[in-house]
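Just so it is clear, none of the values below were taken in a lab; they were calculated from the coordinates. Please read these numbers as outputs of a predicted model, since none were measured by experiment. Neighbour counts run over all protein chains shown; Cβ positions are idealised from the backbone, glycine included.
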Amino acid sequence: MDPSNLPLVLVSHTLPDGWLDLLENRCRLLIGPKDANELSDELFTELPNAEGLYSLLTIKVDENLLSQAPRLKVVSNMAVGFDNVDVEACTKRGIPVGNTPGVLTDGTADLTMAILLAAARRLFEANLDAREGRWITWSPTGWLGKDLRGAILGIVGMGKIGSAIAKRAAGFGMKIIFSDPNPHKEIEEKFGANQVSIEDLLEESDFVSLHVPLTKQTHHMIDEGALKSMKPSALLINTSRGPIVETDALINALENDWIAGAALDVTDPEPLPADHPLYQLPNCLIVPHIGSATWNTRRRMAERACENLLAGLEGKRLPFCVNPEVYER
Ligand code: GLV
């Protein structure tokens, strides 16, 4: 086929060689810059001609963008979360939206355990103290942290990632409780876990780990009231989405010892500006949204996003579609 007849696809960011191989000879690609928090001007100008959009989670796919793209057949988000996409607006326009579940479950669960352990054993403070000359001797009371064995881990949201955390935490001898709108008998049986209300979970847990999608219902789910109801010795772990936690309330909680510490892979806002007060708190570990950041995981996410994109361009059902109702119209 004459390449100029192939459908135009906008890829919001430059990705490593090979990650978009599945798209080769199937469409014309216009690719944005490597690091961008919005669609570049060049790509924005081409929206009227685009049939596909391959987006990362930093790109707001909203009414403003969609109204410029009358030919768009598919939005393929290279992420499991899709709160950056106005799904309702896409559905109204008949545009299926794809995401990449499954392939990042283990990577994200590993990172969650990594920052949970780092917070439990105060690695951030210990590393800083060692580098900055405060390692004077082997102190019997220096940098004392928390044991995992026997500690209660409260998992908020028992989806794929929540279940993968349960499996790992059970290996460390943690007692698991969880909250979720649906029953999960298999998790209760396999790990001796108890399903409880979110209120009980917050009150009883030594570690609270968040694994819910960001929606109107979960926005600021962890607010002042929630933080005050946690144990003063508890740690909060967030590898889901930043706005699930109310940032000002978290700063108050950490400054005033309502809780003992936090480990955050996600923040509100993102990126967190370098002068943000959260960085001043030694009991707060922050990493820059790297839950799925392994070569293998990211490549598989990229491929899954290509598969969704190609299906959408061909008018086929997306293998991983977040708005299946679009097919019922
Ligand atoms: C990462 O946060 C994702 O949603 O894939």
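Ellipticity at 222 nm from helices only: DSSP H runs of n ≥ 4 in the chain, each -39500 (n - 2.57), divided by the residue count, give -8500 deg cm²/dmol. Over region 61-184, Cα pairs under 8 Å with separation of 6+ residues give a relative contact order of 21 percent. Counted over all Cα-Cα pairs of region 207-289, pairs farther apart than 17 Å make up 38 percent. In plain terms, the chain from D275 to A293 could stretch by 4.0 nm, reckoned as 0.36 nm per residue minus the Cα-Cα distance. If R0 is 51 Å, the Cβ-Cβ spacing of D17 and T141 corresponds to a FRET efficiency of close to 0.50.
Run the numbers on region 105-286 and let me know its relative contact order in percent, using alpha-carbon pairs under 8 Å that are six or more apart.
On the way: 330 pairs, mean separation 36.3, N = 182.
Relative contact order of region 105-286: 20 percent.
Restricting the calculation to alpha carbons of region 65-153 gives Rg and Dmax of 22.7, 67 angstrom. If I model the chain as equal point scatterers sitting on the Cα atoms and use the Debye formula, what is log10 I(q)/I(0) at q = 0.06 Å⁻¹? Debye curve over Cα of the chain, log10 I(q)/I(0) at q = 0.06 Å⁻¹: -0.24.
Applying a threshold of 31 Å to the alpha-carbon distances of K73/K216; K92/K185; K160/K228; K146/K185; K34/K167; K34/K73 flags K92/K185; K34/K167 as lying beyond it.
What number, in percent, do you get for the relative contact order of the chain if the mean sequence gap of Cα pairs under 8 Å and at least 6 apart is divided by its residue count?
Working: 639 pairs, mean separation 62.6, N = 329.
After rounding, I find 19 percent.
Listed by chain and number, the aspartates and glutamates whose C-alpha is less than 17 Å from the C-alpha of K231, apart from same-chain residues fewer than 8 away, are D147, E199, D200, E203, E204, D206, D223, E255, D257. The length gained on full extension between R149 and E132, counted as 0.36 nm times the residue separation minus their Cα-Cα distance, comes to 3.0 nm. For the chain, a crude dipole built from +1 on the beta carbon of Lys and Arg and -1 on the beta carbon of Asp and Glu, taken about the Cα centre, is about 920 debye to the nearest 20.
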